[in-house]
Structures are given as C-alpha cells and as structure tokens.
Amino acid sequence: MKGMTLIVKETTRLLAGLIFLYGIYIIIHGHLTPGGGFAGGVVVAGSFILLILAYGSDYMHLTREETGTTITENLAILIALLIALGGMAFGVKIFFSNWLPRGTVGELVSAGVIPLYNIFIGMEVAASILTIFLALLIFKEELTK
Amino acid sequence: MNPLIPLFIAIPLAGAFLTMILGKFLPRLNKYLGITVLLLLAMMSLISVATISGGTDIYKVGGWEPVGGIPIGIYMVLDNLSALLLCVINIVGLLAVIYSFTYISQYTSENYFYSLFCLMIAGMNGVVLSGDLFNIFVFLEISAISSYALVAFGVEREQLEATFKYQVLGGLASLVILLGTGFIYWKAKTLNIADAREVLWAGSEKPFYLLAQLLLLSGFGLKAAIIPFHAWLPDAHSSAPSPISAMLSGVLIKAVGIYVIFRLFFNMFVLSEEIAVLITVLGTLSMAVGVFLAIGQWDIKRLLAYHSISQMGYVVMSAGIGMILVSRGTKPEVAALALAGALFHLINHAAFKSLLFLNAGAIEYRTGTRNLREMGGLAACMPATSSTSFAASMAISGLPPFNGFFSKLIIIIAAVMARFYLLAAIAVIVSIVTLASFLKFQRYAFYNGKREAGKENLREVPFPMVLSMVTLALFCLLLSLAALPHFRDIIFTPAIRILTDAQQYTAPILGF
Amino acid sequence: MIVYLLCFVLFLTGLYGVITRRNLVKIVISLSIMEFSLFLFLALIGYVEGGTVPIVDPADTGAVYVDPLPQAMVLTAIVIGLATTAMLMAVIIRVYRKYKTMDIREIKNLRG
C-alpha cells in the first residue's frame, strides 16, 4: 500500500505522538475517570494505524504471518489472567479479588490491582486491534498481487 | 468456596494464551500442552462430579458478598447438572485433542488450532458454571467466536461459506439473546438467575416475561439448532475438521443451547404450560424432520449433522414433556423420568455422535473422500474404525445393549406414562428411520463391494486416533450401566431434583 | 416510550438489511446496525430521570446516578461485537479470494 500526500504525512507526524500519549493517559487514569483499558487501547492502536495509513505499508515489509503483535497481545492477557489468579494466592484467596493495598481514593496510585488490569488490558487491546488491522492489510496486499 | 470452580475457566484460558506464545518458539510443544490442559480439566470435572453429591457450590468472584440479601457481583454455581455437563465437555474434549494429535498435522498452523480449542473449552465451561444471564452471554460468545474460527480452519471454499452462514446466524442468535437479557434486566433489575426468579415469581407482568421467554428460547434454540433454526448446522458441522465436528455436534450445541434452555426455563422463569407445549412441539418437529432430511444424504458428515438435529429433538421433546408435567403440577415421578431420559440421552449423544464424527474423520483421513458412493469394503483394511463405528451406529439407532437403547426406552416410557401416545409413536418411528439410515452408512462405507484402485494402500489410522475412538466406543457400551436404578440415583436424581424444584437451586444462592 | 420504539425501528432496519442484502459486506453492516440498536436499548434501560454520571462524589450526597450496570454490559458487548465483526471481515476477504465475488447468490456450494 502506498502512502498519502505530503500534507497528510506531516499532519500525522505531528498528531500521532499526541494521540498515543492521550491513549496512555486514558489507560492509566482508568480507575479515576471514564475510560480505561479498552478505550485507551483503541486510541493507542489508532495512532499506529494512522501512521501506517499515512505513510503506507510498503516500507514495513509485511510477511505473510506477522507475529510480533500476536505475541504481545497474548503475553499481556496472560499477565492479566495471572494477576486475577494472584487473587487466589494472596489476601482473601478469591479469584479476581483485589489483593494489593487500596490507597486513598482519587490518587493516581490507588485502587489496588485495578490500574494493573487497566494497563495490561490496554496493551492487549492495542495489540489485538493492530493485529486485526495488519491481518486485513496483509490479506489486501495478497489480493492485489 | 470451592477453588476448583474458577480454575475450570482459568486453566484453559491460560493454556490458550500460552500455546500462542510457546507455539512460536517451540512448535512441537503445543500439542502436549493442549493434552495436559484437557487432562487436568477432565480430572477436575471427575473430582467435582464425585464430591458434589447433591449440594450446591457457589463462588462469588472477587469476593463480593450480597448486600441486603441481594446478590451483587458475579456468581459461579456448581451443582449436579453443571458437574454432569462439565464431565461431558472436558472428557469429550480430551478425547478430541488426543485424536487431533495426528489428525491435525495435515493442516498448517497447529498452534492456532490448540489455542482456539482451549478457548472454546473455556467458553463452554464458563457457560455451564456461570450463575447470571449476562455472563452466560459473554462465555457463549467466547465459545462461539472460537468455533467460527475453527469451522473455517481449512480455509477452503466450502468451509468459508459454512462459517459465514454460521457466523451470521450465530450473530443474530447472540443479538436476540442480548435483547432477551436486556428485557429481563429492564423489569427485574437483576441478572442473577436465582434472584431474577424471585422477582419473576412475585411479578405480575406476564405478557412482558412471555416476550422475554420467546426471545431467549429463539436465541438459544438457534444455538442448539432446534428445527426452524437449523439451517446453519449441517454446513458448519460437516465443513469443520473432524475433531471439531465432534466437539460442535457432541458438546457445543448441548452446553450453549440445551443446557441453558434447561437452566433458564426450569430454574428462572415461571413455567407456563404454553411455553412447555411449544418446546415439546419444537422438539418433536426437529426429531422428525431432522431424520427425514438425513436419510437422503450421501456425504457422511452431513448425514451425521442432520442426525444431530434429530437426536437433540429427542432431548428437547423429553424435557418438554417434563416441563408440561411440572407446570401442571401432576405426576412428579413421570416428570422426573422424562427429565432423566433427556439428561441420559444428552450424555449418550455426546458419546456416540462424537465417536461417529471421529470415525468419519478417520475415513476421510485415509480415503480422502466423504462421499458414501466412493467408498466401500473398508471393513477389511480399517478394523478398528469399522467396529467402533458399528457400535456407535447401533447406539444411535437405539439397539441393545448400547446406551442409546436405554435412553430412548426411558424417553418412550415417560411419554407413554404421561399419556402422550402420539409422541411415543413418533419417537419409535424416528428411531427406526435412524436405524435404516445408519444401515445405509455401514453398508456403503464398510461392507459394500470392493474398492478397485488404491485399496492396498489403505491402512488403519494412527494409534492416537484409534485410542480415542476405542475409548468412546467403550463409553457407548458402559454408559448403558447408568440406566440401572442404583447408578441412576447417584448420577441423575440430584440433577433432576434441581431442575424440578427450583427452590433447590435458588435457596443456597440467596442464602436462606 | 418513543425512544424505545425508535430503537426497535433501528433493530428492524438491521434485520431487513440482513435478510434482503446480497452483498456480504452489506450483511455485516446490517448486523452491526442491529447490534448498535441493542446497545442503545441497553443504555436506555439504565437511564434514571435526572440522573448523572455514575461516579460517586462523596461531597454530593443527594445526587441521583444512572444505573451503571447496563453501561458495563454495553462496553462488554461492544468488545464482543468488535471481535465478531473482525472475524466476519476476515472471512469475507478469504471468501472473495476464493470465489472472486461478494454476491451471496453466487456463493452456494453447500446445499441439501
């Protein structure tokens, strides 16, 4: 896939970083404000997708199976599952229980394990949406060949 | 709280994700990982069925205790009915994985297969264990989405077409289920099945709940392929790789369709006679129409898929008879007998239908065809496949001493005792037509004539495939022991008591 | 009540599309329309007259909040809908590669 015009490329170059940071902001404030892992992950993936769309995928040399994102996704969701299982090992020993100290309400580092879930779910969602996008892109490139 | 309950979901999920990571670096390892996961689950399900003994185990996920007697948070409930279904899911799953050991090596990207397989198991275990409506929807979607991908695993023309059809209809079913769940929540303001039952019994808005009942019945009926909603089943079940066909036909339609219908209509809704009659009619229709659609088929797997519709019809019809009697409040012992027949036939069907699909896979593995006209004389060169499929064919057509005979007998006796003579007669006729259809299968596949070219190349399939087929054939024979009164009391009676007396289900959850 | 009716009309629009459209992509779009009408419905049933965002503010004790549970349900259902749609699109691209068409009338190997 070829890239777009110079105007799009320059605008994207300016915006992509900001969008990425905004996604990160939504993820880490998930337990304080609306949003969280899923919403933030989609925004993070959006910044990558914007870059690929603007600059084209030719320079990425996509192979038939793109595995980096798949492995990130699986690793992230596995860690989230391990945190949930950690509830069975520590504290009250219940699946999905909040086994870290809660802290004070309203601070950034508080609410026990919920920020951790948000971070890893955010990683998972970003990686999986990127995986879907890359898979569709690879399919399309195979079609046009 | 029983720590096994969340592990039923966590272990296969972890297995699925680990397979994807490890499969990239150590591609040889993933099949052993799959077998380990399923072996663990099978052992856990056997332990849970042995230890449950009529009680109810509740797991409050996250440790959220009820507030003022109203359950908040997610409840997981393990009772005898769930334990029975867990056994079916995980044991058939284990045998299917052992079968896939060599079978799936003809496809590429094995690690995706095992990962999706574990996800499907996790979803089904979740459906069976969950105690609230929305959780059922979520786990149902996990198992459904992984089964969409597994049906398309061969990525050939017909698999893709089948999976598209399956996905559109499955998606519609999910939407209808979500709509029904929303309707329940709208008026009852709760999603917990036991809590919703209390509200529904107190409530007066009958027409409204009737609408919700119809929505949920059509949604789960679509998942269970009861006859007006059956269009996707023959395509999807015949196009999938054989171990997956065995899982779909043997387990998935029961765990996400029939089980949920049982659970919701017996334990949540106020049983009304109209709905019970409707369910009975639908069951009878799928029993009769399914078998007549099957008899003209020449593709083995399509034939088996249509028989799945018909055999599920037996289960639904028998459960419907039970529902009619329970809603009338008469003849409780006949209702219990009908439900015993339904549950027994459900388990038996899991054994013989998955065996038949594995047989079909073995035939396809060696001869490369699914068309009955192109095979013949396989009995001489594939003795294990031939004899196990003979056992399964006799079991499905209801000949003694195989398990199918006893469950069909119980169903027919229950129908006669409930004075539904027409239903009993239809059940007998359908059983005879089934026998005719399977005699055709046996004759054309294994005995008819000689295969001229390439016959000397045919050998028995590799050992893992034979192992799982023989184990399932033994199940077909041994499960008939469950018809003995002593075993029936241990296995089925507590499960039936939960179904017929909803108080048994709700009381431990709400904590009276 | 009119909002619920409009929601239902949207649902039926999607159903009409699923039944009558011939193009595979249009079928998926119709399914998505049905899905979103349901999300709307779920968000509506959680609405409380005059309610605010369900984030508890300890200072304001008399506040009325809308029901957060349907919102959580909608979020979960959105994730599931995303997965289903992605799966369907991947299948459609594969179908197009094999059949060289997106017309559902020409994709009928399986019948009987």
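The table for this structure:
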read-out: 14 Å beta-carbon shell around residue A:32, net charge (K/R +1, D/E -1); value: -1
read-out: Equivalent ellipsoid semi-axes, the stretch B:172-325, via Cα gyration tensor eigenvalues times 5, rooted, Å; value: 31, 16, 11
read-out: Eligible aspartates and glutamates near residue A:145 by straight Cα distance, threshold 17 Å, same-chain separation 8 or greater; value: A:58, A:65
read-out: Measure of compaction for the stretch C:1-66 (Cα Rg per 2.2 N^0.38 Å); value: 1.59
read-out: Whole-Å semi-axes of the ellipsoid equivalent to the stretch B:57-210 (Cα gyration tensor, √5λ, descending); value: 35, 20, 11
read-out: Phi-based couplings in Hz for the stretch B:355-364 (Karplus 6.51, -1.76, 1.60; Gly and Pro marked x); value: 4, 5, 5, 5, 4, 4, x, 5, 5, 5
read-out: Footprinting exposure proxy for B:43, B:417 (fewest neighbouring C-beta atoms within 10 Å first); value: B:43, B:417
read-out: Chain C: C-alpha gyration tensor shape, a/c 1.5 cut-off, then a/b vs b/c; value: prolate
read-out: Between the stretch B:326-363 and the stretch B:461-512, the Cα center-to-center distance that results, in Å; value: 10 Å
read-out: Descending semi-axes in whole angstrom, ellipsoid equivalent of the stretch B:67-155, from the Cα gyration tensor; value: 31, 15, 8
read-out: Net charge, residue B:508 excluded, C-beta distance under 11 Å - Lys, Arg +1, Asp, Glu -1; value: -2
read-out: For B:76, B:1, C:1, order by how many other beta-carbon atoms lie within 10 Å, fewest first; value: C:1, B:1, B:76
read-out: Cα principal axis extents for the stretch A:6-144, largest first, Å; value: 56, 30, 17
read-out: Computed over the stretch A:6-144: relative contact order in percent, which uses C-alpha pairs under 8 Å that are six or more apart; value: 31 percent
read-out: Debye intensity ratio I(q)/I(0), log10, the protein assembly as shown, q values 0.08, 0.10 Å⁻¹ (C-alpha model); value: -0.66, -1.06
read-out: Counted charge near residue C:84, where neighbours are those whose Cβ lies closer than 12 Å (Asp, Glu -1; Lys, Arg +1); value: -2
read-out: Percent breakdown of C-alpha pair distances by 5 Å bin, ordered from the shortest bin, for the stretch B:236-316; value: 3, 15, 21, 22, 18, 11, 7, 3, 1
read-out: Computed Kirkwood radius, in angstrom, where 1/r is averaged over Cα pairs of chain B; value: 22.8 Å
read-out: In sequence order, calculated HN-Hα J values of the stretch B:238-244 (Karplus, 6.51, -1.76, 1.60; Hz; x Gly/Pro); value: 8, 8, 5, x, 4, x, 6
read-out: Reachable aspartates and glutamates from residue B:206, criterion Cα separation under 19 angstrom, eight or more residues apart if same chain; value: B:195, B:198, B:273, B:274
read-out: Relative contact order for chain B, counting Cα pairs under 8 Å that sit 6 or more residues apart, in percent; value: 15 percent
read-out: Whichever aspartates and glutamates have a C-alpha closer than 14 Å to that of residue C:98, once near sequence neighbours (fewer than 8 apart) are set aside; value: A:142, B:156, B:158, B:161, C:106
read-out: Pairwise centroid distance, computed over Cα atoms, of the stretch B:168-185 with the stretch A:36-92, Å; value: 29 Å
read-out: Sequence of B:426, B:363 once ranked by neighbouring C-beta atoms within 10 Å, starting from the fewest; value: B:426, B:363
read-out: Set A:140/C:26; B:301/B:408; B:24/B:353; B:223/B:331 screened for pairs whose C-alpha atoms are more than 26 Å apart; value: B:24/B:353; B:223/B:331
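Where a number appears in this text, it was derived from the coordinates with a stated rule and is not lab data. Values in this document were obtained by computation on a predicted structure and should not be read as measured data. Cβ coordinates were reconstructed from backbone atoms using ideal geometry, including for glycine residues, and neighbour counts include every protein chain displayed.
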